[in-house]
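Working notes, structure below.
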C-alpha cells in the first residue's frame, strides 16, 4: 500500500500503497498520495479545511482510480492495477472527493480472515497532499473493519510514520503469513521489496486462536 501518491491497498494493493498512500515525499501528516495524469483536466488544489466527502467506490471511479494508482506505479511507488483488477475489488474501496466531486484519494480494506485485514491501495492526488485526506480514508477503513469485528489491520508501506501516527506499530513481515501466501509469493518485487509492515490492533480481546 503506498502512501505517497503516492498512499492501500503489496501485490494485494499497497498501502500505497498501502495495497495505497505519494509521489514526492509528502509533507508531515500527509497520507499516501499517488497522483497521476489520467486524461482529465488537472486537479485544482483544494482549499485547506474544505469538506472532504467519503463514499463507497462506484463503477465510474475505476478509470480515475487506475490513473492515480498507475501514476504512482510508474514511479515505482505502488504496484500497477488493471481496470479489471479494480472492478473485481471495487467493493473494497472508499473514495475521497472534494466539494466539486473531483477525486482526492482512495483506499481499500481487504479481508483475509476474521483476525486480519489489509489497508491497501491508499493513494492521494498531489494537489491534496497535507490536507488530511489519507488520514480520513484510513479512519473510514478502520470503522469498516471495526463494524466487521476484525481483530487487526495491517499495511505494507513506504511511509511508516504516517501509519504510526494512526496507532500502527512496525512488525516483521513474517507475522503476516496470510499476506505472504496470498500476494507476496507471486509478487514481481518479492526479492527486492522495501515496503515496511505495520499493524494496528482493533480488538484486543479477540480470541487469540482466531488471529
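Figures for the structure shown
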quantity	calculated
Descending semi-axes in whole angstrom, ellipsoid equivalent of the stretch 53-210, from the Cα gyration tensor	24, 19, 15
Sorted by Cβ neighbour density within 10 Å, fewest at the top, the residues 198, 125	198, 125
Cα→Cβ-extended label distance, 7 Å offset, between residue 147 and residue 175, nm	2.8 nm
Order of 163, 93, 148 under a 10 Å beta carbon neighbour criterion, fewest first	148, 93, 163
Extended-chain gain in nm, criterion 0.36 nm per residue less alpha-carbon gap, residue 165 and residue 111	17.2 nm
Gyration tensor verdict on the stretch 96-166 (Cα atoms; rounded if a/c is under 1.5, prolate if a/b is larger than b/c, oblate otherwise)	prolate
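Only the coordinates and a few stated rules stand behind these numbers; no lab work does. Computed from a predicted structure; not experimentally measured. No Cβ is skipped: glycine too gets one built from the backbone with ideal geometry, and neighbour counts run over all protein chains shown.
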